[in-house]
Amino acid sequence: MRACVDQGLCIGCGLCASVAPEVFEMNAGGKAIAVTDTTEANGESVKSAIDGCPVSAISQGE
C-alpha cells in the first residue's frame with residue numbers, strides 16, 4: 001500500500017517528511033508526495049504522519 005497525499009489540500013508544512021522521511025518527500029512545488037510503499041517497518045511512522053497532518057491531506061491508499 002502507498003499513502004496518498006491530496007495535492008489540493010497539502011499546505012507543504014513538511015511534518016510528514018520529518019516524521020516518515022523514508023516514505024514522504026517534498027516535491028519541487030513544496031508539497032508532500034509519497035515516494036515508497038507503506039510497509040510493516042515504516043507503518044507506525046506513516047500512521048503518525050497521517051494523524052499529524054494539520055489539514056488531513058494524507059490517507060492510506062491502495
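Only the coordinates and a few stated rules stand behind these numbers; no lab work does. What you see is a predicted model, and the numbers here were worked out from it, not measured in a lab. Using ideal geometry, Cβ is built from the backbone for each residue, glycine included, and neighbour counts are taken over all protein chains shown.
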Legend entry - Where ILE11 falls short, out of the listed (1) among the β-branched types (Val, Ile, Thr); (2) surrounded by 14 or more Cβ atoms within 10 Å (Cβ to Cβ); (3) out of contact with any Asp or Glu (no Cβ under 9 Å at 6 or more places or on another chain): (2)
Inset, instruction - May I ask you to list pairs of residues, at least six apart or on different chains, whose Cβ atoms are under 7 Å apart, with the first in region 35-61 being in contact (Cβ under 8 Å) with a residue 12 or more places away in the chain and within 13 Å of VAL23 (Cα to Cα) and the second being of a type in the set (D, E, K, R) and outside any loop (DSSP other than H, G, I, E, B)? - result: VAL35/GLU25
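Is it true that ALA34 is in contact with a Leu (Cβ under 9 Å, 6 or more places away or on another chain), crowded, with 18+ Cβ neighbours inside 10 Å, among the small types (Gly, Ala, Ser) and over 11 Å from GLY12 (Cβ atoms)?
no
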Inset, instruction - Output yes when any residue across region 37-45 is of a type in the set (Asp, Glu) and either in a helix (DSSP H, G or I) or farther than 13 Å from VAL5 by Cα (or both), and no when none is. - result: yes
Legend entry - Of all residues making up region 46-60, the number that are in a loop (DSSP other than H, G, I, E, B) and more than 9 Å from the chain's Cα centre (by Cα): 3
Inset, instruction - Kindly establish whether CYS4 is of a type outside the set (Gly, Ala, Ser), in a loop (DSSP other than H, G, I, E, B) and surrounded by fewer than 18 Cβ atoms within 10 Å (Cβ to Cβ). - result: no
Legend entry - Residues (part of a loop (DSSP other than H, G, I, E, B), in contact (Cβ under 8 Å) with a residue 24 or more places away in the chain, farther than 14 Å from MET1 by Cα and of a type outside the set (Lys, Arg)) located in region 14-34: ALA20
